[in-house]
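Below is one structure. I have some questions about it.
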Amino acid sequence: MAQNSARHYRRDTLHFYAYKAGEGHYVARCLDLLLMGEGRTLEEAIAELNEIVLGYLESAQSHGWENELVPRPYGWRVWLHYYWLLAVHALKAWTGQYFGGFLSFAQRVENGRLVYA
């Protein structure tokens, strides 16, 4: 892949994960924008985060700050947490155990909406 294509891919595709943080408490994070949503269900946390991400991107664009504010990734601790959850849930899936309460996905903005990439 050419360097420009890789840069374009990273800028247009945002990486997310959502997980169960406690009983009735779910957290969703956008790893590329240092943004987080919370909810009573996985779906609520993701929906809140999607709304926050769209507002953030719209604001950055309207002020001409895209180059300064996109991407704005989380630090290494959150990335380590993400890879830990990913590894644990992959191992659970491999051994046939239930692995609910975790979701990793990528989205991009298309016509003012976030769509799965």
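The values are calculated or read from the model by the stated rules, or taken from the named source; none is laboratory data. Given the structure is predicted, the values throughout are model-derived calculations rather than measurements. For neighbour counting, all protein chains shown are included, and Cβ atoms are generated from backbone atoms with ideal geometry for every residue, glycine included.
Filter segment 36-69 down to the residues that are among the aliphatic types (A, V, I, L, M) and within 22 Å of His89 (Cβ to Cβ) and list them by number.
Of segment 36-69, the ones among the aliphatic types (A, V, I, L, M) are 36, 42, 45-47, 49, 52-54, 57, 60, 69.
Of everything in segment 36-69, those that are among the aliphatic types (A, V, I, L, M) and within 22 Å of His89 (Cβ to Cβ) turn out to be Met36, Leu42, Ala45, Ile46, Ala47, Leu49.
Moving to a separate point now. Out of Ala45, Ala18, Ala28, Ala6, which single residue is modelled with pLDDT of 95 or more, of a type outside the set (Ser, Thr, Tyr) and in a helix (DSSP H, G or I)? Give the derivation first.
Numbers: Ala18 fails: in a helix (DSSP H, G or I); Ala28 fails: in a helix (DSSP H, G or I); Ala6 fails: modelled with pLDDT of 95 or more.
One residue alone meets the criteria, Ala45.
Could you count how many residues in segment 92-115 are on the phi > 0 side of the Ramachandran plot and surrounded by 10 or more Cβ atoms within 10 Å (Cβ to Cβ)? Step through it out loud before you land on a result.
Taking segment 92-115 first, the residues on the phi > 0 side of the Ramachandran plot are 96, 101, 111-112.
Filter once more, keeping what is surrounded by 10 or more Cβ atoms within 10 Å (Cβ to Cβ): 101.
Residues in segment 92-115 being on the phi > 0 side of the Ramachandran plot and surrounded by 10 or more Cβ atoms within 10 Å (Cβ to Cβ): 1 in total.
Okay, moving on. Within segment 48-74, take every residue that is in contact (Cβ under 8 Å) with a residue 60 or more places away in the chain and not in a loop (DSSP other than H, G, I, E, B) and give me the one that is surrounded by the fewest Cβ atoms within 10 Å (Cβ to Cβ). Before you say what the answer is, go through the steps one by one.
First pass over segment 48-74, keeping only residues in contact (Cβ under 8 Å) with a residue 60 or more places away in the chain: 50, 53-54, 71.
Among the residues that remain, those that are also not in a loop (DSSP other than H, G, I, E, B) are: 50, 53-54.
Numbers: Asn50: 18, Val53: 21, Leu54: 14.
Per the criteria, the residue is Leu54.
Determine which single condition Glu51 fails, assuming it passes every other condition in (1) at pLDDT 90 or above; (2) in contact with a helix residue (DSSP H, G or I) (Cβ under 9 Å, 6 or more places away or on another chain).
Glu51 satisfies all of (1) at pLDDT 90 or above; (2) in contact with a helix residue (DSSP H, G or I) (Cβ under 9 Å, 6 or more places away or on another chain) except (2).
In segment 75-99, how many residues are closer than 21 Å to Leu33 by Cβ and either at pLDDT below 90 or assigned to a loop (DSSP other than H, G, I, E, B) (or both)?
Step one: filter segment 75-99 for residues closer than 21 Å to Leu33 by Cβ, giving 75-86.
With either at pLDDT below 90 or assigned to a loop (DSSP other than H, G, I, E, B) (or both) added as a condition, the list becomes 75.
Of the residues in segment 75-99, 1 are closer than 21 Å to Leu33 by Cβ and either at pLDDT below 90 or assigned to a loop (DSSP other than H, G, I, E, B) (or both).
Check Met36 against each of (1) in contact (Cβ under 8 Å) with a residue 24 or more places away in the chain; (2) within 13 Å of the chain's Cα centre (by Cα) and name the one condition it does not meet.
Status for Met36: all satisfied but (1).
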